[in-house]
Amino acid sequence: MKQIALTTFALAFGLAVSTWAEDATPSNDDSFAKYGQEFKGKIGRTYAESVEWYPEQVKPKPGTPNVFIIYLDDVGFAQYGCFGGLIKTPNIDALAADGLRYNNFHTPALCSPSRAALMAGRNTHKIGLGSHALTAMGFPGYNGTPPESAKSIAKHFQHAGFETFALGKWDHTPLPEASQSGPFQHWASGEGFDHYYGFMAADADDYRTLLFNDHNPSETWMGRKNYHLTTDLADRAILNITSHTSIYPDRPFFLFWAPSAMHSPHQVEKKYIDMYKGKFDMGWDKAREAIFAKQMEMKLLPAGTKLSNGIPEIPRWDSLSPAQKKLYARQMEVFAGMMTQTDEQIGRMIATLKRTGQYDNTLIMLTADNGCSGEGGLNGLYNESLVINGMQATLEENMKHYGEWGGPNTYPHYHAGWAMAGNTPFKYCKQIVHNGGIADSLIITWPKGIQGKGEIRNQYSYVIDLMPTALDVTGTKFMEEVDGVKQMPLDGISLAYSFNKADAPSARTEQYYEQFGNRAMYKDGWKAVTIHGNRMPWVTAGTFPFEKDVWELYNLNEDFSETNNLADKNPEKLEELKKLWDEQASKNNVYPLYDDLNSRIAKQFSRAFGDKKTFTYYAPGAERIAEAVSAPIKNRSHTIETTLDLKGDEQGVIVACGGVNGGYTLFIADHKLHYDYNFVNAQRYAIVSPVLPKGKVDLKFNFIKTGMLKGTGELYVNGKKVAEGPIDKTVGGAFSLSETFDVGVDNGTPVSNNYKAKDHFPFTGQIDKVVITLTGEDADQAKEINNTELVD
């Protein structure tokens, strides 16, 4: 009866039932060993005769340090106070005073490859990120797809029992994968992070940010007064630290914090801008002199270092007009205000580490992905999207936005002269592989493990060295195989050897560099380097003959700031380094070289679809699609069609792509169909229908290309043309780096100024689908837009 009762009970609750004879002897089932950990308890016939045992969790050794990487964007060698900068950064300075400053640290000179290399601990071209994911090419060194054999070091921490967090910028996922549908193996989650909160683009609007919370689209800014992305990311980091420490105070964590700061757009509250009113009226030339003097006084630079000459293309400050000085000084005031606001958020996170008792045993590494950005060009930009389309803003165009510079209606970048100053004592900036582009300040703090306070280290190092340093310090084993895939060896070298030995010789003795054809080879203090085609970073279009590139040669042991070109005096050494660069290029997948940024970006915006001409998007759900993988309508005749059942009171967006910086939108307002085209927030076109009928209505927009990057727009209602208008200027490359394509709503910033509802103007009726069709002869070929067309 007992057995029958037990069986009845088990069946009632859906449990599996097994019986054994009274004289049977229980034994430990070897299935535990086959499919998990071996059972180490005892299984008897009764509970009293048995011993419990639970599978053991993987745990790092007691006392293992936390790892906290603060990875800023486009911050130069000389922009923190502790590196001689003129901006107030007291919290960053305090970290440096409590640890070490490295003055000989380097990066690949661009964000996407820097971040991929940081995470992987391998050279950029070896993992497919030789350049930005936006400029990918179908070759091993540039395909924008990190291989499974080069998984992020975060995976190793995850497998070792750390809790892992990634916050902020993550822009090295292949573009076609950057949507809520994935696939996710190249997202932060697929690269070893338990939690992700951030943006998957090269930049972000700091007031109205398109975020992902793990795999889910999120716009946390909505409904929040005085929202700012950097503050939001600090809030989330603090939440991560306090929640983790409350539950697992003895379990280490790995936190990667990467705000949009200080990448364009430079956006910050007015109170921070006002802090610097008049502070940069002296201009970039005197700023460089003041910074250099501070650096030498700090003994941050080797004795005998000289201040490099300025970039020839950048005018002397004294030669500028009063209007130019007024505008350019404001541009730097905004940048400085944003830097100080970022420093405050870093201070809040450090304070949280201290109040939770985690600070002393946390390895903190603070640096940036490349030197200051000169992509703002020779006037600065009220809208950064101009430069990705091969354009620059005039002084007059910029001055229209002077009063709102740094506010939500601008997407600004500063003059390249300020980038030059921010990279003092070096000469050039981001994209260029002279030290101005690749040299970055690095701060490492670990009170429990680093004896020195405020000391300087001059060992030569590279971004791929940071994660091996973290593995070394935490005693985390490098896994030869991750998730069943054999891993390629690390190229990075731990910096732990230098922590408590200031005079230790550099473990890294050589490193190659390449970025858009700019090349360099470092070996034992010597460096050969060339600026391909003498192209400055604000020139993003054009191809140049590689055989005409002029190589320079520097002895960095005696000439830290690259001021004395020895190419003519020591041609043998130059040829030796050029040959070594070629060997490293072949070894690391650097070939083939291709320099036209705009053409490479344009190809990314069409390669995903091949000959496909019809694109159908269903609602709800067709939202937050990356612009680069939305219907490729740029410079092509096309139609946008939908059928709606109108009751007469509907309004809102039917389809939109882009945002305040540029884009197109089809929407209903005031009972009329509207098509608005936003050309880089400089010129706007609007076509409006008469009042729409009620009932089932076929709606169509038709764009007829009439010339290069221009055409005529037409609106049709139930097959009848009801309105038309010229669209004389259209974007050939990209509307933005972060805005998306959406059906039924305009996520992010608004394309149009004519919306009738705040924020996203969601459609209040029902949308089944929107169909976009490429039409006309130009649809038969995915035309590669050349440089002239982009700037026409």
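Among (1) surrounded by 24 or more Cβ atoms within 10 Å (Cβ to Cβ); (2) over 19 Å from the mean Cα position of the chain (by Cα), which single condition is Lys430 missing? Tallying (1) surrounded by 24 or more Cβ atoms within 10 Å (Cβ to Cβ); (2) over 19 Å from the mean Cα position of the chain (by Cα), Lys430 fails exactly one: (2). Note on the stretch 126-161: residues that are surrounded by fewer than 19 Cβ atoms within 10 Å (Cβ to Cβ) and assigned to a helix (DSSP H, G or I) amount to 3.
Considering only the stretch 287-298, I want to know if a residue exists there that is part of a loop (DSSP other than H, G, I, E, B) and either of a type in the set (Val, Ile, Thr) or surrounded by fewer than 23 Cβ atoms within 10 Å (Cβ to Cβ) (or both). Looking through the stretch 287-298, at least one residue is part of a loop (DSSP other than H, G, I, E, B) and either of a type in the set (Val, Ile, Thr) or surrounded by fewer than 23 Cβ atoms within 10 Å (Cβ to Cβ) (or both). On inspection, Ile633 passes the criterion of being part of a loop (DSSP other than H, G, I, E, B) and among the hydrophobic types (A, V, I, L, M, F, W, C).
Tell me which residues, restricted to the stretch 233-278, are of a type outside the set (A, V, I, L, M, F, W, C), over 20 Å from Arg355 (Cα atoms) and surrounded by fewer than 24 Cβ atoms within 10 Å (Cβ to Cβ).
Passing the criteria: Glu269, Lys270, Lys271, Tyr272, Asp274, Tyr276, Lys277, Gly278.
If the condition is being acidic (Asp, Glu), under 20 Å from Lys603 (Cα atoms) and either open to solvent by 50 Å² or more (accessible area, probe 1.4 Å) or modelled with pLDDT of 95 or more (or both), then the stretch 748-792 contributes Glu777, Asp780, Glu784, Asp792. Please pick out the residue among Phe77, Phe83, Phe68 that is within 18 Å of Glu455 (Cα to Cα), touching a residue at least 40 places away in the same chain (Cβ under 8 Å) and under 23 Å from the mean Cα position of the chain (by Cα). Answer to the check: Phe77.
Would you check if there is a residue in the stretch 370-390 being at pLDDT below 95, among the hydrophobic types (A, V, I, L, M, F, W, C) and touching a Gly at 6+ places or on another chain (Cβ under 8 Å)? Looking for residues that are at pLDDT below 95, among the hydrophobic types (A, V, I, L, M, F, W, C) and touching a Gly at 6+ places or on another chain (Cβ under 8 Å), one finds at least one in the stretch 370-390, hence yes. Could you tell me how many of the residues in the stretch 739-750 are within 13 Å of Glu219 (Cα to Cα) and small (Gly, Ala, Ser)? The total comes to 1. Checking each residue in the stretch 54-79 for being aromatic (Phe, Trp, Tyr) and open to solvent by less than 10 Å² (accessible area, probe 1.4 Å) picks out Phe68, Tyr71, Phe77. Filtered by the rule that a residue be of a type in the set (A, V, I, L, M, F, W, C), buried (at least 17 other Cβ atoms within 10 Å of the Cβ), part of a loop (DSSP other than H, G, I, E, B) and at pLDDT below 75, the stretch 595-621 gives a lone residue, Phe605.
Somewhere in the stretch 647-658, is a residue of a type in the set (A, V, I, L, M, F, W, C), touching a strand residue (DSSP E or B) at 6+ places or on another chain (Cβ under 9 Å), open to solvent by 60 Å² or more (accessible area, probe 1.4 Å) and part of a strand (DSSP E or B)? No. For Ile364, the test of being over 30 Å from Thr410 (Cα atoms) and either in contact (Cβ under 8 Å) with a residue 40 or more places away in the chain or open to solvent by less than 10 Å² (accessible area, probe 1.4 Å) (or both) is passed.
From the residues in the stretch 346-356 that are touching a helix residue (DSSP H, G or I) at 6+ places or on another chain (Cβ under 8 Å) and farther than 13 Å from Phe253 by Cβ, which one is surrounded by the most Cβ atoms within 10 Å (Cβ to Cβ)? In this case the residue turns out to be Ile346.
Table: residues versus (1) open to solvent by less than 30 Å² (accessible area, probe 1.4 Å); (2) of a type outside the set (D, E, K, R); (3) at pLDDT 95 or above.
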{"position": "Asp559", "(1), (2), (3)": "yes, no, yes"}
{"position": "Glu562", "(1), (2), (3)": "yes, no, yes"}
{"position": "Ala567", "(1), (2), (3)": "yes, yes, yes"}
{"position": "Leu574", "(1), (2), (3)": "yes, yes, yes"}
{"position": "Glu583", "(1), (2), (3)": "no, no, yes"}
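Quick check on my filter: what residues within the stretch 389-439 are touching a Pro at 6+ places or on another chain (Cβ under 6 Å), part of a loop (DSSP other than H, G, I, E, B) and aromatic (Phe, Trp, Tyr)? Matches in the stretch 389-439: Trp405 only. I'd like to check something: does the stretch 192-207 contain any residue that is farther than 26 Å from Gly121 by Cβ, surrounded by 22 or more Cβ atoms within 10 Å (Cβ to Cβ) and more than 13 Å from the chain's Cα centre (by Cα)? Checked the stretch 192-207: at least one residue is farther than 26 Å from Gly121 by Cβ, surrounded by 22 or more Cβ atoms within 10 Å (Cβ to Cβ) and more than 13 Å from the chain's Cα centre (by Cα).
Sort out which residues of the stretch 680-712 are within 32 Å of the chain's Cα centre (by Cα) and open to solvent by less than 20 Å² (accessible area, probe 1.4 Å), and write them in order of number.
Residues satisfying the conditions are Val680, Leu709.
The values are calculated or read from the model by the stated rules, or taken from the named source; none is laboratory data. Not measured: the values here are computed from a predicted model. So basically every Cβ, Gly included, is an ideal-geometry build from the backbone, and we count neighbours across all protein chains shown. The accessibility values were calculated without ligands, DNA or RNA, using every heavy atom of the protein model including side chains. Shrake-Rupley method; radii C 1.70, N 1.55, O 1.52, S 1.80 Å.
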